[in-house]
Amino acid sequence: MGQYLFSAVLATAVAERRFPAGFKFGVASSSYQIEGGWNASDKGESIWDRFVHTTPEAIVDGSNGDVACDSYHRWREDVQLLENLNVDFYRFSISWPRVLPTGFPNRLSEHGARYYGDLIDALLERGIEPVVTMYHWELPQTLQDLGGWANPLIADWFADYARVLFDLYGDRVQTWLTINEPLICDFGYDGIFAPGLQSAGRGSYLCSKYMLLAHARAYRLYEREYKPKYGGTVSLVNQVYWLEPQTEQDAELTELVRDISIGRYAHAVFSAEGGWPPALERYIAQKSAEEGEPRSRLPAFTQEEIELIRGSSDMFAINHYATAAVSAAAPDATYGVFAVEGVAELGAAVAPRPEWPPTASDWFTLYPEGFRGALLYLKQQYGDVEFFVTENGYAGSDDPLDDEPRVQYHRDYLAQVLLAMEEDGVRVAGYSAWSLMDSYEWMTGYQASMGLHHVDFSSPDRTRTPRRSAHYYAQVARTHDIDVDYSFHEGDNKL
Ligand code: BGC
């Protein structure tokens, strides 16, 4: 990644700008990726435990999250790192089977409940707000055995789990994020992520529908019984790839790809009419009919379900990493990593443009302008909603402590957020860097590092060391200035 991404014109445009005083800076992580302690005390098995233990070949280095960063034991060190970073909040996730070993509320794990309670208390003591994700992909295996996200009862089970969390921590947690990226349905039902099923375009669509319902049930529960007491917020986290047409001829197809990738989750929640994006719904219904299906593979919503889901998010929580260009697929197309976004269904090819510099993760290349494009598009589609960036970060391989490309990445992407706010009038309340430290990168194992802190996975201590990007980010969080001329000097700050 080179300086050219940050042109002189852009540098001048943002040099004098600052994020407003109320803007919040934080960092994010997720339980399976950092905790380890996969069978500590009475924790139940999750679909990721099962997947990595039975299908290690699905992970590039055959690794797993059994120990990961060992945050189950070393969380106090994490809190110290957070304090050094000057962050306003820490976004972390709760492992469902750590708190409810059977997946159901019939048995609460005291160890699990205490673990997250202690973490929340320690954060609050240091003035760091806990931002809690309730589901970052660790479904209890017991529930998977009953059909998981393809069973309509999952909405009840998720609401029951949500009630347990609201009861345990609602007095201290103001910001709840229900589900991290429902787009995960495509990965889980395309064999590449847990639970490793093969049911693209059928199981993945059942999962899409029931995740939306599960989210909405948790939202309505909080709204009814907890919001009057605690006044917090509940939101869904969407992964938004920015998608551009390859050529002008690809504009219509690009709209459909945006519908399946972004609208499949955003339309039901944020549009005025709710439900699936109409063009997508028509397209899949017609295709299903042509295939001889008795009904659309994209399951319909009842009017009652549409009303339940519509408006069920207090803000638009957005994870953004990548931009891709859309064109019609060649007849013999192999779809690559973007196939799992459901684009094979649409006969579209989705790929980065060759001029965008690569990162260590093959699914994203660098194009900061895409972030601004995505925010503006979402505002145009769904109105003047408040955004909160829940993930944005850089994947390197074997990153040294002097990780200049990651510094540039955050600077360049933050510059686009600033421009979206000031030039396009997009309301953005906060930004989370992914990630606090190197962690288990799902199918990429430990091959991609995304941390502001390096973690020594060969050491039993899992030693954490701040990278240059940690120093930079601590400065940004303190000053609200992206500092276009940033240069680091030893001893610049206390990290
Ligand atoms: C996920 C994270 C993951 C990140 C980078 C996001 O989609 O929420 O868990 O680490 O991508 O791969």
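The values are calculated or read from the model by the stated rules, or taken from the named source; none is laboratory data. Nothing here was measured: the structure is a model prediction, and the numbers come from that model. Cβ coordinates were reconstructed from backbone atoms using ideal geometry, including for glycine residues, and neighbour counts include every protein chain displayed. Side chains are part of the model used for accessible areas, which takes the heavy atoms of the whole protein and leaves out ligands, DNA and RNA. Shrake-Rupley method; radii C 1.70, N 1.55, O 1.52, S 1.80 Å.
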Given the structure, is D156 without any contact (Cβ under 8 Å) to a residue 60 or more places away in the chain, more than 16 Å from the ligand (Cβ to nearest atom) and either surrounded by fewer than 19 Cβ atoms within 10 Å (Cβ to Cβ) or under 18 Å from G196 (Cβ atoms) (or both)?
-> no
Picking from G347, G336, G373, G342, the residue that is small (G, A, S) and modelled with pLDDT of 95 or more would be G373
Those residues of the range 129-168 which are within 23 Å of the chain's Cα centre (by Cα), of a type outside the set (A, V, I, L, M, F, W, C), in a helix (DSSP H, G or I) and under 20 Å from G37 (Cβ atoms), in sequence order = Q141, Y161
Looking at this structure, is F193 within 16 Å of the ligand (Cβ to nearest atom) and open to solvent by 20 Å² or more (accessible area, probe 1.4 Å)?
-> no
Total residues in the range 245-297, condition among the hydroxyl-bearing types (S, T, Y) and under 26 Å from the mean Cα position of the chain (by Cα) | 4
Close pairs (6 angstrom Cβ cut-off, 6 or more residues apart or separate chains): over 18 Å from D481 (Cβ atoms) in the range 430-442, more than 10 Å from the ligand (Cβ to nearest atom) and of a type in the set (S, T, N, Q) anywhere | D438/S449
Residues that are farther than 23 Å from K287 by Cβ, in contact with a Ser or Thr (Cβ under 8 Å, 6 or more places away or on another chain), more than 16 Å from the ligand (Cβ to nearest atom) and outside any helix (DSSP H, G or I), drawn from the range 208-257 | G232, T233, V234, E244, T247
Based on what the data block shows, is D481 more than 16 Å from the ligand (Cβ to nearest atom), among the acidic types (D, E), open to solvent by 50 Å² or more (accessible area, probe 1.4 Å) and assigned to a loop (DSSP other than H, G, I, E, B)?
-> no
Does any residue of the range 419-427 turn out to be of a type in the set (A, V, I, L, M, F, W, C), away from the ligand (no atom under 16 Å from the Cβ), crowded, with 18+ Cβ neighbours inside 10 Å and in a loop (DSSP other than H, G, I, E, B)?
-> yes
Here are some conditions: (1) open to solvent by less than 10 Å² (accessible area, probe 1.4 Å); (2) out of contact with any Phe, Trp or Tyr (no Cβ under 8 Å at 6 or more places or on another chain). G231 meets all but one. Which one does it not meet?
-> (1)
Contact list, first residue from the range 351-371 and over 19 Å from G451 (Cβ atoms), second anywhere and within 15 Å of the ligand (Cβ to nearest atom) and open to solvent by 50 Å² or more (accessible area, probe 1.4 Å), beta-carbon distance below 9 Å, six or more apart or interchain, is P352/P358; T365/P358
Taking L280 as the residue in question, decide whether it is surrounded by 19 or more Cβ atoms within 10 Å (Cβ to Cβ), touching a Pro at 6+ places or on another chain (Cβ under 8 Å), in a helix (DSSP H, G or I) and touching a residue at least 12 places away in the same chain (Cβ under 8 Å).
-> no
